[in-house]
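A.B. asks: Let me begin by handing over the structure; questions about it come next.
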Amino acid sequence: MLAKLTQDIAYAFRVLRKTPGFTITAVLVIALGAGAVTTIYSAANALLLRPIPGVRDPGALVQIQRTLEDGRGTLSASYPYTQLLRDQVRSLSGVSGWTSAQLNVGVGNTHTPATGMLVTANYFDVLGVSPELGRFFVPAEDSGASAHPVAVISHGFWQRMLGGDPGVVGRVINVNGTPLTVVGVAPPDFDGTLPVVRMDLWAPLMMQPELRPGAGRLTSRNAGWLELFGRLRPGVSRESAQAEVATVTRNDATTAGLSKEFSRFTGATVSPLTPLPPELYRPVLAFFAVLFAIATLVLLIASVNVAGMLLARGIGRRRELAVRAALGAGRRRLISQLITETLVLYGAGAVGGIAIAYGGARLLEHVPLPADIPLALHLAPDARVLAFALGIALVAGLAFGLAPAVRATRSDLATGLRGDTAGSGSNRSRMRTVLVTGQVALSLLLLVSAGLFMRALQRGQHVDLGMDVNGVATAELNLTIAGYDSASGSRAFDGLARSLHALPGVSAVGYARLLPLSGNSMSYDMRIDGYTPQHDVTGHGTVDVAANVVDSGYFAAIHMPLVSGRSFNASDNATTPRVALVNQAFVHRYWPGTSALGRAIYMDSVRYTVVGVMHDAKYQSLAEPPTPHVFLATAQTWEGDRLLLVRTAGDPAALAPTIRRLVAQAIPNAATPQPTTLAAVTSFALLPQRVAAGVTGLLGLVGLVLAAVGLYGVISYSMSQRTREFGIRMALGANRQSVLGLVLGEGLRLVGLGTGIGLLLAFGVTRFLRPFLFGVSPLDPLTLAGMTCALAAIALLASYIPARRAASADPASVLRLE
């Protein structure tokens, strides 16, 4: 068996070398299709499937979340809950918690922003990671008994900021104004439990009051701020661990001291630990599923194209196959040989596809994303991707190589020995028709998908946001981690605002806790005067309402209109009664038909009087309906972590150096900000549509080219087989126009049939794209008509070229050759 396979492979290489034009063309076509699928799979593998790098036995690591009893709705953990699971759950050998933290790290006279984690002392132990230098945390540092605050730094931070200093262990760095002693360096292949984000530093959870202030958060049972993971004991299933965690959670929910809101979370889920946060995993998975399906269309179009080439080649090899059959080769042996040749082609194409995937992954890694956190994307193919590429090539080669092989070996022995290849028979004609029709149908489906995403992107760019995000520069500032309190921080913020106001062309300067359409959100439980919730899930008569903490300059900077009342002013400060602004949707939801001015809302028993109503806007997504929103005053709610907004008449991006200089003057201890534009930040809302439009547009172009080449090849081959027929027609009086019309008609019939099937496929398939289409109908008539016309035009050109050549033939020369 092995000897025959080796013989077939060697013979396949010899045969394919004799026809380099066919071989190179087929391999390139397969490489395009395989490269499209492999690139998408490689990115999905890196973000969704690849285990956490640098850890021991990643399959035993699990994510732990509190949920409602029905499994929906998740809640982050408190530190006491983390301790409870660690002490009582026996199916897990360890339970660890972490929370992210934006840090300001001082090394010498340089202050730089950094991304870090506050973690329990067993964090590295549960993950099974060993330090490259020094040590990791010890239990004493988890209990707060250690007298010296410590930190572990990443390998990248060690190289980038500390020059790879071999004596780094024991060195003191300043983090958020607190001296921390470096006790260890993580290995180079470890980026933490969130590897898509570049991690710089880990500190013990007990450093939370200094590095991420929040009164009582460590001891409070009614605080959700930690992400939990654990390690399964050998032989324990995730289902068993989930049942035990759920039991402990349910018992904890009935004990005294837990608020009604937190006591509702009586269930738990234990799922595999993935590189993405759980709340992003499903949406990203659905998005990649769509892209993968579209890339698969390209592979199918390429494979149909190659199948057509193999069918035509098989007809040309009828004499060779007949000779081999006459010498004793059975039909099964001939089919085996032809399939081996096809698999060699697909194997070579898979290698080309892997090369395309490597290049595509490198390009995707360097695509700028509108994110305010440093990403660490490693999308290059690994062994899993290589196996996938070869596997998909094997499957496609067998699926699309079998039929041409069977057709090629079905001819009559005597006919084959005579070398009669003038006709291909009705069966082969029907098969060519099926192949061309399939290519056109799949190409139309691909083009319609690309068109829908482009229409969604176009519509999203013209949505009324309720504000103007153009002409605004923005930068993140964190004075809390720079050591400022509310009094000194407010003075620093005010001084920076005055300096920026004095710049030529600057018309407004404001601050906010959150930027609109940035992907970040914040909400509060509020008791609303005169409103009783129909379904009071909290038990306190409160509702959860989205909120932001801003100043009056914020509304001026983004041109958000005031509908009634007033905005915040200088009289709204920490010593005066609390005030709030609401939007129109808030009024319509909770106080319909009445004025909101003077009405009250309560948060933690503190009264806020509504003094103004703002125009509705988009806060979280471009597709969201008008949503209730509350604005609180920065002067009354101290927030050291603020986002600066500066409206300028010039290019906002050009303000970046000036903003950095003025921040260094007004806030000397602050980390150097990285200014960007508000337009760039809000473009995050259209990121799925941008990526999908770009990817499907490129794949659609590839599919269209492949379909055009396939149609051209089939018609050209058909014309070469009918040369004698056309010569006779023209000798009997047919003119060039009639021959041209005959050939074009046949091509257009194929295109028409394929287009009809493609439209039927589009009607059934594109409805699955609805979540990403942003208000564009999956049956958008403009897209359907436009893409159908584009495909028809390309198909007409692909048919016209061989038709024109056939109509230009000299009948006397043709008949003389025959």
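A.B. asks: Within the stretch 547-568, which residues are more than 14 Å from M467 (Cα to Cα) and touching an Asp or Glu at 6+ places or on another chain (Cβ under 8 Å)? If you could, list the steps in order and put the result at the bottom.
C.D. replies: Residues of the stretch 547-568 more than 14 Å from M467 (Cα to Cα): 547-552, 564-568.
V549, F568 - these are the residues of the stretch 547-568 that are more than 14 Å from M467 (Cα to Cα) and touching an Asp or Glu at 6+ places or on another chain (Cβ under 8 Å).
A.B. asks: Taking the stated definitions as given, is Y484 aromatic (F, W, Y) and at pLDDT below 90?
C.D. replies: Judged against the criteria, Y484 is a match.
A.B. asks: How many of the residues making up the stretch 272-289 are exposed (fewer than 14 other Cβ atoms within 10 Å of the Cβ) and either among the polar types (S, T, N, Q) or in contact with a strand residue (DSSP E or B) (Cβ under 9 Å, 6 or more places away or on another chain) (or both)?
C.D. replies: The total comes to 1.
A.B. asks: Further, regarding this structure: Mind listing whichever residues of the stretch 30-88 are within 26 Å of G267 (Cα to Cα), among the polar types (S, T, N, Q) and out of contact with any Asp or Glu (no Cβ under 9 Å at 6 or more places or on another chain)?
C.D. replies: T67, S78, T82, Q83, listed by residue number.
Per-residue answers, yes or no, for (1) of a type in the set (S, T, Y); (2) in a helix (DSSP H, G or I):
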| residue | (1), (2) |
| --- | --- |
| L180 | no, no |
| G184 | no, no |
| G192 | no, no |
| P209 | no, yes |
| R221 | no, no |
| G224 | no, no |
| F229 | no, no |
| S240 | yes, yes |
| E244 | no, yes |
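A.B. asks: Turning to a different aspect of this structure: Against the conditions (1) closer than 30 Å to L297 by Cα; (2) open to solvent by less than 30 Å² (accessible area, probe 1.4 Å), where does V663 fall short? Just the number, please.
C.D. replies: Looking at each condition in turn, V663 falls short on (1).
A.B. asks: Does at least one position in the stretch 305-319 carry a residue that is under 32 Å from the mean Cα position of the chain (by Cα), modelled with pLDDT of 80 or more, in a helix (DSSP H, G or I) and closer than 30 Å to T39 by Cβ?
C.D. replies: Yes, the conditions are met somewhere in the stretch 305-319.
A.B. asks: Can A556 be described as part of a loop (DSSP other than H, G, I, E, B), open to solvent by 40 Å² or more (accessible area, probe 1.4 Å) and closer than 20 Å to A633 by Cα?
C.D. replies: no
A.B. asks: Determine whether R160 is among the charged types (D, E, K, R), open to solvent by 50 Å² or more (accessible area, probe 1.4 Å), more than 20 Å from P374 (Cα to Cα) and without any contact (Cβ under 8 Å) to a residue 40 or more places away in the chain.
C.D. replies: No: the conditions fail for R160.
A.B. asks: May I pose another question? Among (1) under 21 Å from R432 (Cβ atoms); (2) over 21 Å from the mean Cα position of the chain (by Cα), there is one condition V344 misses while meeting the rest; what is its number?
C.D. replies: Of the numbered conditions (1) under 21 Å from R432 (Cβ atoms); (2) over 21 Å from the mean Cα position of the chain (by Cα), the odd one out for V344 is (1).
A.B. asks: What pairs come up if the first residue lies in the stretch 659-681 and is closer than 21 Å to N470 by Cβ and hydroxyl-bearing (S, T, Y), the second is open to solvent by less than 40 Å² (accessible area, probe 1.4 Å) and in a loop (DSSP other than H, G, I, E, B), and their beta carbons are under 7 Å apart, counting only those six or more places apart or on different chains?
C.D. replies: none
A.B. asks: Another question, if that's okay. Hey, which of the strands (runs of 3 or more DSSP E) in the stretch 584-647, taking only ones fully inside, have at least 1 residues that are open to solvent by 30 Å² or more (accessible area, probe 1.4 Å), at negative phi and of a type outside the set (A, V, I, L, M)? I'd like the intermediate steps shown before the answer.
C.D. replies: Details: elements: 600-603, 606-614, 629-633.
Those strands (runs of 3 or more DSSP E) span 600-603, 606-614.
A.B. asks: Okay, moving on. For the stretch 138-157: of the residues being open to solvent by 20 Å² or more (accessible area, probe 1.4 Å) and of a type in the set (A, V, I, L, M, F, W, C), which is modelled with the lowest pLDDT?
C.D. replies: Among those residues, the one meeting the criterion is A145.
A.B. asks: Give me the pairs, please: first residue somewhere in the stretch 468-494 and open to solvent by 20 Å² or more (accessible area, probe 1.4 Å), second residue anywhere and among the aromatic types (F, W, Y), beta-carbon distance under 6 Å, and either six or more positions apart or on two chains.
C.D. replies: Once the first residue is open to solvent by 20 Å² or more (accessible area, probe 1.4 Å) and sits in the stretch 468-494, its partners that are among the aromatic types (F, W, Y) give S486/W638.
A.B. asks: Going through the stretch 504-528 one residue at a time, which ones are at pLDDT 90 or above and surrounded by fewer than 17 Cβ atoms within 10 Å (Cβ to Cβ)?
C.D. replies: Passing the criteria: P504, G505, S507.
The values are calculated or read from the model by the stated rules, or taken from the named source; none is laboratory data. Just so it is clear, the model here is predicted, and its values are computed rather than measured. Note that we place each Cβ from the backbone using ideal geometry, even for glycine, and neighbour counts take in every protein chain shown. In case anyone asks, the SASA skips ligands and DNA or RNA and just uses the protein heavy atoms, side chains included. Shrake-Rupley method; radii C 1.70, N 1.55, O 1.52, S 1.80 Å.
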